[in-house]
Amino acid sequence: MNSNSLADQTLAQLSNWLMYSAIAVYLMAFLAACAEWAFGNTGRIARASATDPAGSVARDDEPSAPVGGTTPGSTSVLVPTSTTVRRKAPPGGHGAAGDSPRADVLGRTSVSLTLLAFVLHAGSIVTRGLSVARPPWGNMYEFSTAFALAAVGAYLAVLALRKNVRWLAVPILLSVLLTLGLAVTILYVDSAQLVPALHSYWLWIHVSAAIVSGGVFHIGAVVTLLFIGRDRWEAAVAKGRAGGRLATVWGRLPSAGSLDKLSYRLNVLVFPLWTFAVIAGAVWAEAAWGRYWGWDPKETWAFITWVAYAAYLHARATAGWKGRRAACLGLIAFSTFVFNYYGVNIFITGLHSYGGLPTK
Amino acid sequence: MRTALVLLLLLALAAVPGSLVPQQERQPAQAADFRRNNPDLSNVLDTLGVFNVFATPWFAAVYLLLFVSLAGCIVPRCGQYLRALRAHPPTAPRVLSRLPEHTYWIAPAADADDALRAAVDVLRGRRFRVAAGPGGDGWVAAEKGYLREAGNLVFHLALFGMLVALAIGNLFGTTGQKLILQGDGFTNTSTQYDDFTPGTLATGDDLEPFSFRLKSFHAAYQPTGPQRGTASAFEARISYTAAEGATPRDARVRVNEPLEVNGTKVFLVSHGYAPVVTVRDGKGDVAWKGPVAFLPQDNNLRSVGVVKAPDAVDAKGRPDQLGFTGLFLPTVQLDANGWVSTFPAPDDPVLVLTAYHGDLGMNSGIPQNVYQLDTERATQFRNADGTPYAKALRPGDRMTLPDGAGSLSFDGIRQWAGFQVARDPSNGTALWSSVAMGAGLCASLFVRRRRVWVRVRPHTGTDTSSGIEIEVAGLERGSSDRLGEEVGEIAAELRVRTLAACHDTSNSRTQERP
Ligand code: HEM
């Protein structure tokens, strides 16, 4: 079999080498991002508002009353669905660096390193794919590395859209490092041919859609978590308290309102893609097994994830569920996604058991 | 909406046990294991139907309630939507400055009616639906993005399409399994299946009249490396006739590549080996001859099976049924765990059998599982020392039973392939529903529904010049940064138009005066 030819083995070796390099560079990017937080400051404005809980500089940029010309209860209601709780909130922070130029340099360094690691990481995945002449997602090692790449890609994409989201670097790089660490240690298998069940162009379509969805859902969940933290801090500041031990972190984040909006946008953006991934999976199942839906554990959990995200979207549109409660639903939805990946592949056997975990 | 939200969460929750506990229909063997290991728990689970979650009344109740509440929401919303399509955009609010996006300016020499006409033009040009109020204290109202609501309705309606598809599939679809030995054939009638499951309302009488023959089966495995033994290709070569009397055609069926005959699909789902054996009885006559399918137990195709010779007689000619049970190991290895196979290809095949004789229940009239031997009233052959008589055979070997009871020779190996034949008339409905769902979802999430109002009033400022005040304001469901831009662009366009209009009038005035 040609998978054992010398050239292919060299490529596979190169892929591993690139992966380790990428991990090393991610680690440096992570440390730089941590240093940015450490050397940054809370910023003048936020400091002022934190010491002056009445919030003399606070402004409320949401309209405070529903606007005329609308008929509640009809389909044509166009009430602005603002998501923040209306209170005097401290203004959004300036990001991880605050006003410190030194920290800003560290933050920029972190971004450059992330970009470099991303390139190495992508190179590793491409060479792995070339070494076996197939899409490089046939087992859990390959899924994990691709999923981490999608997460970093989504982060860089949001950065490139000129959003000041460098405050995402620490949590994102941390989970990327954990994912890759798990991948190269526990989940690692040498590159090999696919089992016949995966011989299909649907592998490209379905799995890449799922991986990209996963990456973006991941960022969405991280932003949601930060939203919850910032939101609690804002509530504490509004009540005149200092906001807890992590106050310096929350103070440098954007306002709860914009965090909430960003996480919602990310989730909304990929929900259709995830829907498509599930549908493409059903089409593939029809081609492989003669039924498009069979309640296999993987399918069941894809369904649960889908329903959970739909519930999250509904919650956002339902009065009384906005804000923190909707955010919790978003986190639950993401945890079902993660469980579908690790939990179902490792603990539950089904038709989709192609995790390729080394059996002991 | 709140009900829908709770029901959605409940549906997700209801699906969870179905993924954690092996389901009877899908994984009967695992379900049996689970029952054996957790007898007490299993009783509780059984009463709750947890071994068959997706067919339980409570699961059905949740999703039916969800769909009732969906219908209760969708039907009135469709009506409202149609009315909204015919209605005018609503009157401008009195105080535009309270809207989230708002801008105004004063146009000194402009005419109010001209400005309103220009506003109508600008908004129409941007494909808004426009309604204008009466002049003087006039206003223009515009709305855009009706597709959002339409998309949302289409999406939720498509969910009904999915439900209908699922129902059609369950009621009228048929599936069946058939194990076919290399060289053997199959005709698509319900009696020919090993296992046939018609939908609730399907009779199984009107199956697509095709037939096929398995010419050969090919498998390729990774010969080395950590994934040694993992299959890399399976292929069944068949010859089929699409209808009675049609000319036979050749086809290849692979995993992921079923054969389709007029909407019925033939899937390759399993494969294994069938040792070819000849059983001779006590009189030396051939009591049974042919290939016997053994069922794989693991990835290296360690397989179990039985050979039955119901018509065998003993040396004196009295009926004495013979039965053999044991293992087939494509690449044999004997280790601490007993007989194992180390590779799925038949590199070093061995058949390990022990034998029974007597009443194997094969004439009792009760249908028997062909893969099991009923040894309750039979006697196992034993060696002189009393241990069970067993033998490992390589192809060409023969085992001679003690006391001249007969023999079995292992003549060779054939392969078999397992096929699933399925017809699901709901595939089309499901596919089109999902396409509608995707399109509806995108429209519902990405189309922005927004309203823009323009108000024009005589300017009552302190300065002496007469003029008008023009206000532009916008409102959008959900907040978006793009609305601000859009209102800004509209205002800019309108400004240019009103300015141009002023210029015209002032020009004509200067021409008139001299
Ligand atoms: C009882 C059943 C349901 C009812 C009454 C219902 C009701 C609604 C309503 C009124 C909206 C419009 C919200 C808005 O425009 O902001 C909506 C949006 C939506 N629904 Fe449902 N729905 C139901 C079931 C479902 C189900 C089963 C799903 C999918 C699993 C689903 C997915 C969605 C999605 C993705 C949206 C778009 C959310 C958005 O516009 O932000 N719905 N639903």
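The values are calculated or read from the model by the stated rules, or taken from the named source; none is laboratory data. The shown structure was predicted, so the numbers you read here are calculated from the model rather than taken from an experiment. Quick reminder, even Gly has a Cβ in these numbers, built from the backbone with ideal geometry, and neighbours come from all protein chains shown. Just the protein is used for accessible areas: all its heavy atoms, side chains included, with ligands, DNA and RNA removed. Shrake-Rupley method; radii C 1.70, N 1.55, O 1.52, S 1.80 Å.
Considering only the stretch B:266-274, I want to know if a residue exists there that is surrounded by fewer than 18 Cβ atoms within 10 Å (Cβ to Cβ), more than 25 Å from the chain's Cα centre (by Cα), away from chain A (no Cβ under 14 Å) and in contact (Cβ under 8 Å) with a residue 24 or more places away in the chain.
no
Take the residues of the stretch A:272-288 that are of a type outside the set (V, I, T) and facing chain B (nearest Cβ under 7 Å): which is nearest to A:P196 (Cα to Cα)?
A:A288
Of all residues in the stretch A:127-161 being free of Cβ contacts under 8 Å to residues at least 24 places away in the same chain and part of a helix (DSSP H, G or I), which is farthest from A:N340 (Cα to Cα)?
Ranking the qualifying residues of the stretch A:127-161, first place goes to A:A160.
Please indicate, with yes or no, whether at least one residue in the stretch B:237-257 is crowded, with 21+ Cβ neighbours inside 10 Å, within 29 Å of the chain's Cα centre (by Cα), at pLDDT 90 or above and within 14 Å of chain A (Cβ to nearest Cβ).
yes
Considering only residues that are open to solvent by 30 Å² or more (accessible area, probe 1.4 Å), modelled with pLDDT under 85 and within 15 Å of A:N164 (Cβ to Cβ), which ones fall in the stretch A:92-139?
Once the filter is applied, which keeps residues that are open to solvent by 30 Å² or more (accessible area, probe 1.4 Å), modelled with pLDDT under 85 and within 15 Å of A:N164 (Cβ to Cβ), the stretch A:92-139 yields A:G92, A:H94, A:D99.
Among the residues of the stretch A:289-306 satisfying the criterion of being assigned to a loop (DSSP other than H, G, I, E, B) and touching a strand residue (DSSP E or B) at 6+ places or on another chain (Cβ under 7 Å), which is nearest to the other protein chains (Cβ to nearest Cβ)?
By that ranking, first place goes to A:G290.
For (1) away from the ligand (no atom under 16 Å from the Cβ); (2) on the phi > 0 side of the Ramachandran plot; (3) in a helix (DSSP H, G or I), each residue gets a yes or a no:
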position	(1), (2), (3)
B:D121	yes, no, yes
B:N152	no, no, yes
B:I168	yes, no, yes
B:L179	yes, no, no
B:F196	yes, no, no
B:P209	yes, no, no
B:F217	yes, no, no
B:A220	yes, no, no
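Identify the single condition in (1) closer than 16 Å to B:V286 by Cβ; (2) open to solvent by less than 30 Å² (accessible area, probe 1.4 Å) that B:V350 does not satisfy, given that it satisfies every other one.
Answer for B:V350: the failing condition is (1).
Return the pair list, or none, for Cβ contacts closer than 8 Å from residues in the stretch B:212-224 that are modelled with pLDDT under 90 to residues that are part of a loop (DSSP other than H, G, I, E, B) and among the charged types (D, E, K, R), at least 6 apart or on different chains.
Going by the 8 Å Cβ cut-off, the qualifying pairs are B:Y221/B:R228; B:Q222/B:R228.
Against the definition (away from the ligand (no atom under 16 Å from the Cβ) and touching a helix residue (DSSP H, G or I) at 6+ places or on another chain (Cβ under 6 Å)), how does B:A115 come out, yes or no?
Here the answer is yes, as B:A115 does meet what is asked.
Regarding A:A236, is this residue in a helix (DSSP H, G or I) and more than 14 Å from chain B (Cβ to nearest Cβ)?
yes
Could you please tell me which pairs satisfy a Cβ distance under 6 Å, a separation of 6+ or placement on different chains, a first residue in the stretch B:1-23 that is closer than 15 Å to B:G72 by Cα and within 9 Å of chain A (Cβ to nearest Cβ), and a second residue that is near the ligand (Cβ under 9 Å from one of its atoms) and not in a helix (DSSP H, G or I)?
B:M1/A:T318; B:R2/A:T318; B:L5/A:T318
Which residue is farthest from B:G138 (Cα to Cα), if the candidates are limited to the stretch B:68-79 and must be within 11 Å of the ligand (Cβ to nearest atom), without any contact (Cβ under 8 Å) to a residue 12 or more places away in the chain and of a type outside the set (A, V, I, L, M)? Show your work before the answer.
Here is the first cut: in the stretch B:68-79, the ones within 11 Å of the ligand (Cβ to nearest atom) are B:68-77.
Still in the running and without any contact (Cβ under 8 Å) to a residue 12 or more places away in the chain: B:68, B:72, B:75-76.
Okay, now just the ones that are also of a type outside the set (A, V, I, L, M), so B:72, B:76.
On the way: B:G72: 40, B:P76: 34 Å.
Taking the candidates together, the pick is B:G72.
How many residues, within the stretch B:389-429, are in a strand (DSSP E or B) and free of Cβ contacts under 8 Å to residues at least 40 places away in the same chain?
3
Mind telling me which of the residues B:S466, B:S444, B:S433 ends up being open to solvent by 60 Å² or more (accessible area, probe 1.4 Å) and outside any strand (DSSP E or B)? Spell out how you get there, then give the answer.
Working: B:S444 fails: open to solvent by 60 Å² or more (accessible area, probe 1.4 Å); B:S433 fails: open to solvent by 60 Å² or more (accessible area, probe 1.4 Å).
Exactly one residue qualifies, and that residue is B:S466.
Can you name the number of the only condition in (1) more than 16 Å from the ligand (Cβ to nearest atom); (2) within 12 Å of another protein chain (Cβ to nearest Cβ); (3) open to solvent by 50 Å² or more (accessible area, probe 1.4 Å); (4) not aromatic (F, W, Y) that B:Q27 fails?
Evaluating B:Q27 over (1) more than 16 Å from the ligand (Cβ to nearest atom); (2) within 12 Å of another protein chain (Cβ to nearest Cβ); (3) open to solvent by 50 Å² or more (accessible area, probe 1.4 Å); (4) not aromatic (F, W, Y) leaves (3) as the failure.
Within the stretch B:422-445, which residues are of a type outside the set (D, E, K, R) and facing chain A (nearest Cβ under 8 Å)?
B:A422, B:N427, B:A430, B:L431, B:S434, B:M437, B:G438, B:L441, B:C442, B:L445
Which of the residues spanning the stretch A:317-326 are within 14 Å of the ligand (Cβ to nearest atom) and more than 8 Å from chain B (Cβ to nearest Cβ)?
A:A319, A:K322, A:A326
Within the stretch A:16-57, take every residue that is modelled with pLDDT of 80 or more and hydroxyl-bearing (S, T, Y) and give me the one that is farthest from A:L178 (Cα to Cα).
The qualifying residue farthest from A:L178 (Cα to Cα) is A:S21.
Just name the residue that is most open to solvent (accessible area, probe 1.4 Å) out of those in the stretch B:99-119 that are in a loop (DSSP other than H, G, I, E, B) and within 14 Å of chain A (Cβ to nearest Cβ).
B:P100
So which of B:L41, B:L65, B:L10 is away from the ligand (no atom under 16 Å from the Cβ) and open to solvent by 70 Å² or more (accessible area, probe 1.4 Å)?
None of the others qualify; the one that does is B:L41.
Of all strands (runs of 3 or more DSSP E) completely enclosed by the stretch B:308-385, which ones contain at least 1 residues that are of a type in the set (S, T, Y)? If you could, list the steps in order and put the result at the bottom.
On the way: elements: B:321-329, B:332-335, B:338-341, B:350-358, B:378-380.
Here the list reads B:321-329, B:338-341, B:350-358, B:378-380.
Only one of these conditions is not met by B:R124: (1) at pLDDT 90 or above; (2) more than 28 Å from A:H314 (Cβ to Cβ); (3) in contact with a helix residue (DSSP H, G or I) (Cβ under 8 Å, 6 or more places away or on another chain); (4) open to solvent by 50 Å² or more (accessible area, probe 1.4 Å). Which number is it?
(3)
Among the listed residues B:D335, B:D347, which satisfies the condition of being more than 22 Å from B:G412 (Cβ to Cβ) and among the acidic types (D, E)?
B:D335
Going by what's in this entry, would B:A87 be described as more than 11 Å from the ligand (Cβ to nearest atom), away from chain A (no Cβ under 12 Å), of a type in the set (A, V, I, L, M) and free of Cβ contacts under 8 Å to residues at least 24 places away in the same chain?
Answer is no for this residue.
Can you spot a residue in the stretch A:261-274 that is closer than 22 Å to A:G214 by Cβ and free of Cβ contacts under 8 Å to residues at least 12 places away in the same chain?
Within the stretch A:261-274, one or more residues are closer than 22 Å to A:G214 by Cβ and free of Cβ contacts under 8 Å to residues at least 12 places away in the same chain.
Give me the residue from the stretch A:283-316 that is open to solvent by less than 10 Å² (accessible area, probe 1.4 Å) and in contact with a Lys or Arg (Cβ under 8 Å, 6 or more places away or on another chain) and, out of that set, nearest to the ligand (Cβ to nearest atom).
Among them, the one singled out is A:A315.
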